[in-house]
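Working notes, beginning with the structure itself.
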Amino acid sequence: MKKITSVCPYCGAGCKLKLVVDNNRITRVEAANGVTNQNELCLKGYYGWDFLNDTRLLTPRLKQPMIRYRKDGPLEPVTWDEAIRYTAERLSDIKARYGSQAIMTTGSSRGTGNETNYVMQKFARAVLNTNNVDCCARVCHGPSVAGLQQTLGNGAMSNAIADIENSRCLLIFGYNCADSHPIVARRVLKAKQRGARIIVCDPRKIETARIADLHLQLNNGSNMALVNAFIHVLLEEELYDRAWVARHTEGLEALRETVKNYAPESVEGITGVPAAAIRQAMRLYCAAPSATVMWGMGVTQFGQAVDVVKGLSSLALLTGNLGREHVGVGPVRGQNNVQGACDMGVLPDHFPGYQRVDDPRTRAKFAAAWGVDPAAMDNKIGVRITDVPHLALEGKIKAYYIMGEDPLQTEADLGLVRRGIEALDLLIVQDIFMTKTAEKADVLLPATSWGEHGGIFTCADRGFQRFEQAITPRDDVRRDWQIISQIASAMGYPMHYDSNQQIWDEMRELCPLFYGATWEKIGEMGHLQWPCPTLEHPGTPWLYQGGRFDTPSGKGQLYAAPWRPPAEQPDADYPLVLCTVREVGHYSCRSMTGNCAALQTLADEPGFVAIHPQDAAPLGIKEDHLVRVASRRGEVFSRARLSERVNPGAVYMTYQWWIGACNELTQDNMDPVSHTPETKYCAVRLLPIADQ
Ligand code: SF4
């Protein structure tokens, strides 16, 4: 029996754990003393591992490569040599016939690690010659990355998860940490126990609202109006830090002009929040000696998400709550390595280390390191994953190489996504399970799973953490970066790596932001936060020390924008708002947690629709009733959960339902900057199924 230190493969909290291994099987998990989790785990950490023992509960593990040679033919098992040859030949053919821009690739924000993401974006840029590489950050915290880069200079949490409990005020906006990141929720609870004031902005009475000093139960889709009202109060009541703002920020007068009509009293009809509560919230926030703003997908999954992120960072800028301990802005990233996928350049506009693709010197640097003709490097921003269905239907994307993502379960408006996938000439899926997307693949490439390989993840607070291999794979599966390298070589670009560390070192040499984060140092420190520019550098627990921002002028950019209502409003036919949410016992598309016996026992029906009793009664819907939920795009079945925690007029669904995902209902109105869809807001109706 042995104990292998690893990092939880689910959320961005980055909890460390020990996998107890006996005879190449995991027998249990113990909590480890990680910087973010301090010997605690949530139930996914404790019980989310037994898919590694092949429990076959929900979907089969992919065990050997398969090819569908004809569009209407079956998937046939093949050797790895044949899978690599066929994939390389088809990609080369499509590149030759339609050009580099006809191929789309994805990284993965899950168990594969930073090294694979680096190799995937290198494959896209050096072999396919396109910046068409993206990841699921696009559908979650893409707006946080874009908004914070513009206002502060870095698209990441400015502070550390471990420091949240030291802040004296937490403004928690659209973020249900108890379900999304239970171990971060422990930090919130500790902050409360230490006397912090808690302000929650959420339409639902989420867990954190129970301990909040103030709960602003805003109307769904009114985020920007509320943020503008916050800024209005800071300026009108002169609560902001005049000297700090003058020294460290730009844009005050434009900000003042934008929010002048957003007095809390004027926007009560939009926000649904009493003006007095908005004023009180800002007085609490400003009175605290240290304050932190935290947000989740209740901010980012709207058509006006980037503006709201910029507005939230302006609250911190106006009050000087940046650049020191115990303060900051914290978009707590969802998946365990979504921060890492972005760090490694699995983004259509950035090379690894957030170096822009439209900078000729940066392109020349990467071209030289990779042995590529600089003229062959794509100089345009590439395609985002949310644009793929549209471009595929227009015939502009012909091949899609998806690694460790399941868009046919997790992306908005699945009818549209399905039509886009069907229009492709070639769908390559590299994964560990037969997901909904994998079922449609022309080529299936089975990869090793978390637990079967090691590497480095970046958790939500920019912390690099190493995780180790615990068991030997039983099946004919290969490491993700090995598969990509073999396809690259078969396409005429020799690519070979012997280890994760070799890839990590190549990446570090090209990224000033990460250069000092050596493999050994990360191992010794256990958790090393970037920026880490030199070998002697200890890492950076909080960004913007002394109020120096990483913007072109070095100053924080103040920003607000007029509120825009969500794209689709309820009407007589579809009278309720649908908002998609998370549940504590399962993760994302459930491909991993759905294959864990203990988690299946805790939540044996994958999904629910939560509705207020006041809305349920006239429809004749009772607790546990099966109901049809319909939008203008589709219809699914779910089980009703009556709850006074949700607000009347809105219903809430998790998106793990396998017999008709809630994304059959959602719509793809996208934020114009980040291209993140508005999965938190569409119009639906509920119908009870008769004779229950
Ligand atoms: Fe920690 Fe998140 Fe894993 Fe739970 S799911 S153990 S909070 S990393």
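The values are calculated or read from the model by the stated rules, or taken from the named source; none is laboratory data. Quantities reported herein were computed from a predicted structural model and do not represent experimental measurements. We place every Cβ from the backbone using ideal geometry, glycine too, and count neighbours over all the protein chains shown.
Values computed for the structure shown
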quantity: Single residue of region 617-669 satisfying the filter (free of Cβ contacts under 8 Å to residues at least 40 places away in the same chain and within 13 Å of Q409 (Cβ to Cβ)) that is nearest to the chain's Cα centre (by Cα); calculated: G660
quantity: Unmet criterion (only one of (1) out of contact with any helix residue (DSSP H, G or I) (no Cβ under 6 Å at 6 or more places or on another chain); (2) over 24 Å from H350 (Cβ atoms)) for Y587; calculated: (1)
quantity: Counted residues, region 678-692 - those being in contact with a Phe, Trp or Tyr (Cβ under 9 Å, 6 or more places away or on another chain) and not small (G, A, S); calculated: 8
quantity: Total residues in region 496-520, condition part of a loop (DSSP other than H, G, I, E, B) and surrounded by fewer than 20 Cβ atoms within 10 Å (Cβ to Cβ); calculated: 8
quantity: Of all residues in region 42-55 being out of contact with any strand residue (DSSP E or B) (no Cβ under 6 Å at 6 or more places or on another chain) and assigned to a helix (DSSP H, G or I), the one that is nearest to the ligand (Cβ to nearest atom); calculated: K44
quantity: Subset of region 214-263 [without any contact (Cβ under 8 Å) to a residue 60 or more places away in the chain, assigned to a loop (DSSP other than H, G, I, E, B), within 16 Å of C286 (Cβ to Cβ) and in contact with a helix residue (DSSP H, G or I) (Cβ under 8 Å, 6 or more places away or on another chain)]; calculated: E237
quantity: Qualifying position, being in a loop (DSSP other than H, G, I, E, B), in contact with a strand residue (DSSP E or B) (Cβ under 6 Å, 6 or more places away or on another chain) and either over 27 Å from C136 (Cα atoms) or among the acidic types (D, E) (or both), among N39, N33; calculated: N39
quantity: Enumeration of residues in region 1-15 that are near the ligand (Cβ under 9 Å from one of its atoms) and assigned to a strand (DSSP E or B); calculated: V7, C11
quantity: Meets criteria (more than 26 Å from G296 (Cα to Cα) and out of contact with any Lys or Arg (no Cβ under 7 Å at 6 or more places or on another chain)) for A617; calculated: yes
quantity: Every residue from region 176-205 that is modelled with pLDDT of 95 or more, in contact with a strand residue (DSSP E or B) (Cβ under 7 Å, 6 or more places away or on another chain) and within 16 Å of the ligand (Cβ to nearest atom); calculated: V188
quantity: Any hit, region 39-49, residues being among the hydroxyl-bearing types (S, T, Y) and under 21 Å from R478 (Cβ atoms); calculated: no
quantity: Checklist (1) closer than 23 Å to I402 by Cα; (2) touching a residue at least 12 places away in the same chain (Cβ under 8 Å); (3) under 31 Å from the mean Cα position of the chain (by Cα) applied to Y47, failing item; calculated: (1)
quantity: Inter-residue pairs, beta-carbon under 7 Å, first basic (K, R) and in region 529-548, second assigned to a loop (DSSP other than H, G, I, E, B), 6+ apart; calculated: R548/G554
quantity: Pair list, Cβ < 6 Å and 6+ apart or interchain, from region 346-374 residues that are surrounded by fewer than 15 Cβ atoms within 10 Å (Cβ to Cβ) to residues that are assigned to a helix (DSSP H, G or I) and among the aliphatic types (A, V, I, L, M); calculated: A369/L510; P374/A364; P374/A367
quantity: Restricting region 16-36 to residues that are of a type in the set (D, E, K, R) and within 13 Å of the ligand (Cβ to nearest atom), the residue that is nearest to C589 (Cα to Cα); calculated: K16
quantity: Selection within region 433-451 - modelled with pLDDT of 95 or more and of a type in the set (A, V, I, L, M); calculated: A438, A441, V443, L444, L445, A447
quantity: Residue count for region 395-411, restricted to those that are modelled with pLDDT of 95 or more and either not assigned by TED's automatic domain parsing to the domain that holds V443 or not in a strand (DSSP E or B) (or both); calculated: 4
quantity: Count of residues meeting criterion [surrounded by fewer than 22 Cβ atoms within 10 Å (Cβ to Cβ) and in a loop (DSSP other than H, G, I, E, B)] in region 637-656; calculated: 5
quantity: Test set (1) surrounded by 15 or more Cβ atoms within 10 Å (Cβ to Cβ); (2) away from the ligand (no atom under 14 Å from the Cβ) - P60 fails condition number; calculated: (1)
quantity: Test: residue in region 446-456 that is out of contact with any Asp or Glu (no Cβ under 6 Å at 6 or more places or on another chain) and either under 30 Å from R324 (Cα atoms) or in the same structural domain as G48 (by TED's automatic domain parsing) (or both); calculated: yes
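Yes/no per residue for (1) outside any loop (DSSP other than H, G, I, E, B); (2) at pLDDT 95 or above; (3) more than 27 Å from E506 (Cβ to Cβ); (4) not hydrophobic (A, V, I, L, M, F, W, C):
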site: I522; (1), (2), (3), (4): yes, yes, no, no
site: H537; (1), (2), (3), (4): no, yes, no, yes
site: T540; (1), (2), (3), (4): no, yes, no, yes
site: G546; (1), (2), (3), (4): yes, no, yes, yes
site: T551; (1), (2), (3), (4): no, yes, yes, yes
site: G554; (1), (2), (3), (4): no, yes, yes, yes
site: Y559; (1), (2), (3), (4): no, yes, yes, yes
site: W563; (1), (2), (3), (4): no, yes, yes, no
site: P566; (1), (2), (3), (4): no, yes, yes, yes
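Results for (1) in contact with an Asp or Glu (Cβ under 7 Å, 6 or more places away or on another chain); (2) touching a residue at least 12 places away in the same chain (Cβ under 8 Å); (3) surrounded by 15 or more Cβ atoms within 10 Å (Cβ to Cβ); (4) in a loop (DSSP other than H, G, I, E, B), shown as yes or no for each residue.
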| position | (1), (2), (3), (4) |
| --- | --- |
| D571 | no, yes, no, yes |
| Y574 | no, yes, yes, yes |
| V584 | yes, yes, yes, yes |
| C589 | yes, yes, yes, yes |
| A610 | no, yes, yes, no |
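Condition check ((1) surrounded by fewer than 22 Cβ atoms within 10 Å (Cβ to Cβ); (2) within 21 Å of V443 (Cα to Cα)) across all residues:
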| site | (1), (2) |
| --- | --- |
| Y98 | yes, yes |
| S108 | no, yes |
| E115 | no, no |
| R125 | no, no |
| N129 | yes, no |
| S144 | no, no |
| G147 | no, no |
| Q150 | yes, no |
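One line per residue, one yes/no per condition, for (1) within 23 Å of F457 (Cα to Cα); (2) assigned to a loop (DSSP other than H, G, I, E, B); (3) of a type in the set (F, W, Y):
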position	(1), (2), (3)
Q101	no, no, no
S108	yes, yes, no
G111	yes, yes, no
T116	yes, no, no
T130	no, yes, no
R186	yes, no, no
G195	no, yes, no
T208	no, no, no
